[in-house]
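Okay, structure first, notes after.
Laboratory data are not the source of any read-out in this text; all were calculated from the coordinates shown. Here the structure is a predicted model, which means the values were calculated and not measured. We place every Cβ from the backbone using ideal geometry, glycine too, and count neighbours over all the protein chains shown.
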Amino acid sequence: MGPVQGEDGVLRCPWAGGPGVMRDYHDTEWGDPVGGEAAYLERLTLEAFQSGLSWSTILHKREAFREVFHRFDADAVAAFDEGDVERLMQEPRIVRNRLKIQATLTNARATVALRDDMGLEAFVLGFRPEVAPSPATTEEMVTTSPESVALSKALKKRGFAFVGPTTMYALSEAIGLFDPHLVGCHRRGAATRIRPSSSAGRD
């Protein structure tokens, strides 16, 4: 399936065809580069929590995630202990999955440790594909790539958790390591801030 035309006459990726939070995310954020450690930790965390769930569920809970994880300040989250895990397990506004909550703490600590090298943002940017995909239909889209496999392995080596190849591919789409929109979608090529490719982080 290619881009679909909404009731407003605009062509979009099929998953964002109707009005609502998914369309808003598609039209204003998905595929746009982000900047800063907290922004990268947030996207990595949300993609991990999304595993096995719908992205719509995560978007509806996003503000609560931001609140309970201190706007994804790595130092603050890295200081959480088991008492905080138990507290979050009682928080109805987020996804109450113990392994994913614990992984968030693990990833915050790994993010802090990564500052001694290049930092999370530069590390992830080092896995931008040299040749970006340009699917015209959903059938041409993939869920992993050599780069997402490599990023997954590299992050695990640095102590990160819940960073499988599929999750890292979704992260790469979300933060604009390449343009994820279908050819013909009105958002294709619309990212306003494209970062240069880097070889940093390939260890």
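Tabulated results
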item: Number of the exception - T167 against (1) surrounded by fewer than 18 Cβ atoms within 10 Å (Cβ to Cβ); (2) out of contact with any Phe, Trp or Tyr (no Cβ under 8 Å at 6 or more places or on another chain); (3) β-branched (V, I, T); (4) under 30 Å from P3 (Cβ atoms); result: (1)
item: Only listed residue being touching a Phe, Trp or Tyr at 6+ places or on another chain (Cβ under 9 Å), farther than 20 Å from E173 by Cβ and among the small types (G, A, S), chosen from A110, A38, A78; result: A110
item: Hits in region 110-146 - residues which are among the acidic types (D, E) and within 17 Å of the chain's Cα centre (by Cα); result: E121
item: Total residues in region 145-184, condition under 23 Å from A39 (Cβ atoms), outside any helix (DSSP H, G or I) and not basic (K, R); result: 14
item: Residues that are assigned to a loop (DSSP other than H, G, I, E, B) and among the aliphatic types (A, V, I, L, M), drawn from region 105-137; result: M118, V131, A132, A136
item: Neighbours by Cβ (under 6 Å, 6+ apart or cross-chain): first from region 46-66, on the phi > 0 side of the Ramachandran plot; second surrounded by 19 or more Cβ atoms within 10 Å (Cβ to Cβ); result: none
item: Single match in R62, R115, R109, R96 (criterion: under 26 Å from T144 (Cβ atoms) and of a type in the set (K, R)); result: R62
item: Matching residues in region 1-49 - criterion: being over 24 Å from E139 (Cα atoms), under 13 Å from the mean Cα position of the chain (by Cα) and charged (D, E, K, R); result: E37, E42, R43
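Conditions (1) surrounded by fewer than 21 Cβ atoms within 10 Å (Cβ to Cβ); (2) in contact with a helix residue (DSSP H, G or I) (Cβ under 6 Å, 6 or more places away or on another chain); (3) hydrophobic (A, V, I, L, M, F, W, C), marked per residue:
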{"residue": "A76", "(1), (2), (3)": "yes, yes, yes"}
{"residue": "V85", "(1), (2), (3)": "yes, yes, yes"}
{"residue": "A108", "(1), (2), (3)": "no, yes, yes"}
{"residue": "L114", "(1), (2), (3)": "no, yes, yes"}
{"residue": "G126", "(1), (2), (3)": "yes, no, no"}
{"residue": "M141", "(1), (2), (3)": "yes, no, yes"}
